[in-house]
Amino acid sequence: MTKGRARWLLLGPAGLWYAALLVLPLAVVLVYSLGERAPAGGYAPALTLAQYANLGSRWAAFQNTLLLAPAGTLAALLIAYPLAYFLAVRANPRWRTLLLVLVIVPFWTSILIRSYAWIFLLGGRGIPALLSDLGLGDIRLINTPFAVLVGIVYGYLPLMVFPIYVSLEKLDKRLLEASSDLGAAPWRSFLQVTLPLSLPGVATGSMLVFILLMGEYLIPQMLGGGKVFFVGNALVDLFLQSRNWAFGSAMAVTLVAIMLVTVTLYMRFLRRIGAARDDTGLM
Amino acid sequence: MAYATQGETIAEFVNTTKRFGRVLAADRLNLKIGKGEFLSFLGPSGCGKTTALRMLAGFEAPTEGRILIDGQEVGAEPAYRRPVNMVFQHYALFPHMTVAENVGYGLRQRRPRLAKEDIAARVTRALDTVRLGDFGPRRIWEMSGGQQQRVALARAIVNEPKILLLDEPMAALDAKLRGEMQTELLSLQRKLGITFILVTHDQQEALSMSDRICLMGKGRIAQIGTPRELYDRPANRYVADFVGRANILTGTVIRNIGEHALVRLASNHDVVVEAPHPVSPGAKVDLAIRPEALRLATAPQPGLPDIVAKLCRMTFLGEHVEYLLSHPALGQLQVMVPRQAERALPGVDTGHEVHILWDQGNGLILGQD
């Protein structure tokens, strides 16, 4: 009795929050996606799959999202792992806190302002001008997929660094001594002990970054200049400019479905390679 | 069992010193360890015993001096190239592997590679040896503390090391399990014939298991010897105090009597004690006598000095009763009386005066620390 009540007290606030702000809106979006655009814009009730049949007209947005979100996640992982390893294993403990703070410092400034900085850096008078002065030819960076990739990796790197750092930091160093004692050279110890035991952190970081990237809007908007746009940008366009709520809802539902499938597959993959351990909270 | 002088030497410390910053963790260790020997490094925490073990394992490099394993100098060799294996204090088992994968880890590092079937067979044999035959597919966290200890043991012995290093392996087990494990370790060592080096702070463990004990204090070797040598002939005050219990008294040598000496105690009683080293008459010396080497009586005994002391406390310990006495000149004295002998003390209670009987030849003169 008391146990049951305690459970409801604990779950209640979050449950209400999710029900009102996630489940309900999602249901609304799902219903809208089966409707039509009202003549003056907005939503007109209907029961048709016409919006889904039309998804192909926004193929480029899906293509960009499904290419750059995984690429961005992978690039962030490749940059974050060595950094997290250095911070957790190699860095002098006296400097560790300072270095960790330095990783988050960029977060103290709005992503909007930081993206403006990237516009100048990647724009005509930034890095390309420098390269051209050095005689390395004319390279256009701004408004390319590369610019968007740079932007998203830069923006989301800390979200990848921290979970990996935590899993590496709590790794029992005696396990590495045991591995060495049993005849494993350092790089083999890394592959057989450190890496597998840090996979929960890799999984958490990749999930966080990937899910957020799939819904990214601001960075492609600013660094892609309307040429490299994500599903998020298409949604803004559909809801605010074209006022085609039904089609926008169909796109949103499709994006959520794609995310559910990829995340499920990724989890299954991790479980198979043994990263699914009780200490992630993700699985 | 004098492994240091007979038989082959498997490992040797030569003036081995280890400093951590300004801390001298090991100070000029000199020690030969015999093939097939069971040697214990005994001492309180911070005495350097773990440092000595870690230098053998290759986790620490000596600051000065040398370490030899099987005649080869290993000072700079990393742990993964040394023919020794360790059972860690908290086992350090790999949580992401099964029991069998843990045990096979060392074999999988071998180059050239061993055949899969060969590894599987050796793992099975090692698990059988530690009586965990059916536990191979289990996960580490499904095993109890005692079982994890056996897994750690199997993971080390499967590699057939030249030396097995044991870093306080029984510290985390409860008393009953510890006793069983000690017996098991001993029989395993006899069976495998591998040199075992045990680090422990538990003197009972060291006394009951070791061929020889290397007692350490403040980074130095205080005494090396068989358990009996350490107990019966402690080299100095530190050893007498650490191994077993001892009454430590001071006295003045009156004269030598062969390998014994007549010593006058602070209470002006003359006792005959062992003198392992020659002493000159008139010298001030420390004496040690074990509580069980003294006797109590209600009357003096002719031919023995009549030491009368006041009984302060009696502690019943089952097989023995511990008497704590106080003497105006000698201070506090412990006497351990077997239950059988307690009958000779009818009606003796705290506050009473009793006679301490010091038999000729009991106790010995200690060397300098």
* To do: Towards the positive end of the charge dipole of the stretch A:1-112, with charges on Cβ (+1 Lys, Arg; -1 Asp, Glu), say which of A:89, A:18, A:47 has the farthest Cα.
  => A:89
* Asked: Out of residues 5 or more away from residue B:213 or on other chains, whose amide H comes under 5 Å of its own, with H placed 1.01 Å from N in the peptide plane?
  -> B:40, B:225, B:226
* Asked: Hey, got the dipole for the stretch B:11-111? About the Cα centre, +1 on K and R Cβ, -1 on D and E Cβ, debye to the nearest 20?
  -> 120 debye
* **Whole-Hz couplings from phi, Karplus 6.51/-1.76/1.60, listed for the stretch A:23-33; x for Gly and Pro** => 5, 4, x, 4, 4, 4, 4, 4, 5, 4, 5
* 18 Å reach of a label modelled at residue B:30, 7 Å along Cα-to-Cβ, counting backbone N of the stretch B:37-56 -> none
* For B:197, B:248, order by how many other beta-carbon atoms lie within 10 Å, fewest first -> B:248, B:197
* Which cross-chain or sequence-distant (5 or more) residues have an amide H under 5 Å from the amide H of residue B:166, H modelled 1.01 Å from N in plane? -> B:87, B:197, B:198, B:199
* Debye, to nearest 20: dipole size of chain B, +1 on Lys, Arg Cβ, -1 on Asp, Glu Cβ -> 1140 debye
* Environment charge of residue B:367, counting only residues whose C-beta is closer than 11 Å and scoring Lys/Arg +1, Asp/Glu -1 -> 0
* Structure fact -> Between residue B:316 and residue B:76, the two model label points (7 Å from Cα along the beta-carbon direction) sit apart by a distance in nm of 6.6 nm
* What ranking of B:63, B:350 emerges when the number of other C-beta atoms within 10 Å of each C-beta is taken as an exposure proxy, fewest first? -> B:350, B:63
* To do: Per DSSP H run of n ≥ 4, the term is -39500 (n - 2.57); total these for chain B, divide by its residue number, and report the mean residue ellipticity at 222 nm rounded to 500 deg cm²/dmol.
  => -6500 deg cm²/dmol
* **Nearest-20 debye value, chain A charge dipole, Cβ charges on Lys, Arg, Asp, Glu** => 500 debye
* Asked: residue A:50 to residue A:139: FRET efficiency via 1/(1 + (r/R0)^6), r the Cβ-Cβ distance, R0 35 Å, to the nearest 0.05?
  -> 0.20
* With an 8 Å cut-off on Cα pairs and a minimum separation of 6 or more residues, tell me the relative contact order of the stretch B:245-366 in percent. => 31 percent
* **P(r) histogram, all alpha-carbon pairs of the stretch B:9-240 included - 10 Å bins from 0, percent** => 8, 33, 35, 19, 5, 0
* To do: Run through the DSSP bridge list for the protein assembly as shown and note the antiparallel percent, rounded to the nearest 5.
  => 75 percent
* Asked: Which distance in Å, rounded to a whole number, links the C-alpha centroids of the stretch B:156-214 and the stretch B:317-369?
  -> 34 Å
* Using only Cα atoms, figure out Rg for the protein assembly as shown and give it as a multiple of 2.2 N^0.38 Å. => 1.45
* Structure fact -> The simple spin-label model distance between residue A:125 and residue B:329, using points 7 Å out along Cα→Cβ, in nm, is 10.3 nm
* Structure fact -> Note, the stretch B:58-69: 3J(HN,Hα) by Karplus (6.51, -1.76, 1.60, θ = phi - 60°), whole Hz, Gly/Pro = x, goes x, 7, 10, 9, x, 6, 9, x, 10, 10, 10, 10
* Estimated inter-spin distance, residue B:283 and residue B:341, nm [label 7 Å along Cα→Cβ] -> 2.9 nm
* Structure fact -> Mean separation of Cα contacts under 8 Å (at least 6 apart) over the residue count of chain B, i.e. the relative contact order in percent, is 15 percent
* Structure fact -> Mean separation of Cα contacts under 8 Å (at least 6 apart) over the residue count of chain A, i.e. the relative contact order in percent, is 29 percent
* Structure fact -> Note, the stretch B:233-238: 3J(HN,Hα) by Karplus (6.51, -1.76, 1.60, θ = phi - 60°), whole Hz, Gly/Pro = x, goes 10, x, 6, 8, 4, 4
* Can you work out the base-10 log of I(q)/I(0) for the stretch A:128-258 at q = 0.14 1/Å, using the Debye formula on its C-alpha atoms alone? -> -0.81
* Extreme residue, positive dipole direction of the protein assembly as shown, given options A:111, A:205, B:98 (C-beta unit charges) -> A:111
* Rank these for me by crowding, B:208, B:280, going from fewest to most other beta carbons within 10 Å. => B:280, B:208
* residue A:43 long-range amide H proximity, modeled H, under 5 Å -> A:38
* Can you give the calculated 222 nm mean residue ellipticity of chain A, where each DSSP H run of n ≥ 4 adds -39,500 (n - 2.57) and the sum is split over every residue, rounded to the nearest 500 deg cm²/dmol? -> -21000 deg cm²/dmol
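Computed from the coordinates by the stated procedures, all read-outs in this text should not be read as laboratory data. Given the structure is predicted, the values throughout are model-derived calculations rather than measurements. Cβ: placed from backbone, ideal geometry, glycine included. Neighbour counts: every protein chain shown.
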